[in-house]
Amino acid sequence: MQYMLVAVYSYLLGAIPSAYLIGKSRGKDITSEGSGNIGGTNAYRVLGPRLGILVALMDLGKVFLALFVTKTWLGTEPALFTAALAAVIGHNWSIYVKFKGGKGIAVSAGTYLFLFPNLAAMALLVALFNVIVTKYVSLGSLNFIMTMALLLLVTAKGPWYILLGFLLLFIGMYRHKTNLRAMWAGNERRFGQN
């Protein structure tokens, strides 16, 4: 029963559509502009750098809150696993906007920064280098969650966290399937490209 409650409030927090709300406050419907995605990358493109960064911080904040409440209340590995996974699912398939959503990278990053800040910093550096070299944000995003899954495995952080790493990798790759096809075809938009 406790874990069900964790899943519910974490999903509802994760489902808060930061990009959609910020876009609406500026008279823009982000679901009909750019890629139509209500994640941080599309917010950056459609709303500009300042609001795009604000969206990313809000996405980090909502999973931080879910994990903070869960750690304070229960603090167990399965409970934190439940909170993180539910928040990512909420972000990707939000009940507030007809189950549309982002791709879960900012919320995954927030999860890892909360639980494993040192490992997350390493993975973010790898992802940043990848983006600088290739100019593909999607590739850097996937590189980040892949690196985190491997780091959790090799550092043996615990079975629930290792499972979380590979589930977030699977979800991230599924949500990026269009980007992967576009990269394969040479049509993926690079960072800074209109």
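The values are calculated or read from the model by the stated rules, or taken from the named source; none is laboratory data. Keep in mind that this is a model prediction, so the values were computed, not measured. Neighbour counts run over all protein chains shown; Cβ positions are idealised from the backbone, glycine included. What goes into the accessible areas is simple: the full protein's heavy atoms, side chains included, and nothing from ligands, DNA or RNA. Shrake-Rupley method; radii C 1.70, N 1.55, O 1.52, S 1.80 Å.
Roll a 1.4 angstrom probe over the protein heavy atoms and tell me the percent of accessible area of the range 116-194 that is carbon or sulfur. Whole-percent figure for carbon plus sulfur exposure: 70. Take the chain with all the other protein chains still there, run a 1.4 Å probe, and you get 50 Å² of accessible area per residue.
Peptide packing for 11-21, 105-115, 51-61 was compared via the average number of neighbouring C-beta atoms within 10 Å per residue; ordered from the highest value, the list is 105-115, 11-21, 51-61. When the chain is treated as a Gaussian network with alpha carbon springs shorter than 10 Å, the biggest mean-square fluctuation among I171, I145, I132 belongs to I132.
Looking at the square roots a ≥ b ≥ c of the eigenvalues of the Cα gyration tensor of the range 38-114, which shape do they give, rounded for a/c under 1.5, prolate if a/b is larger than b/c, or oblate? Prolate shape, in that a/c is at least 1.5 and a/b is the bigger ratio. Legend: residue pairs K98/K177; K24/K100; K100/K157; K71/K157; K98/K157, Cα-Cα distance threshold 24 Å; pairs beyond threshold, K100/K157; K98/K157.
The amide H of K100, built 1.01 Å from its N in the peptide plane, has S94 as neighbours under 5 Å, considering only residues 5 or more places off or on other chains.
Inter-part distance, the range 24-54 to the range 93-165, computed on C-alpha centroids, equals 21 Å. Note on the range 5-46: with neighbouring protein chains present and a 1.4 Å probe, carbon and sulfur make up 58 percent of its accessible heavy-atom surface.
Would you please classify the overall shape of the range 92-194 from the alpha carbon gyration tensor, given that a ≥ b ≥ c denote the square roots of the eigenvalues, rounded means a/c under 1.5, and beyond that prolate means a/b larger than b/c while oblate covers the rest? Since a/c reaches 1.5 but b/c is at least a/b, the shape of the range 92-194 is classed as oblate. Values (i) 45, 36, 26; (ii) 51, 34, 27; (iii) 41, 39, 30 are given for comparison; Cα extents along the principal axes in Å, derived from the coordinates here, is the one labelled (i).
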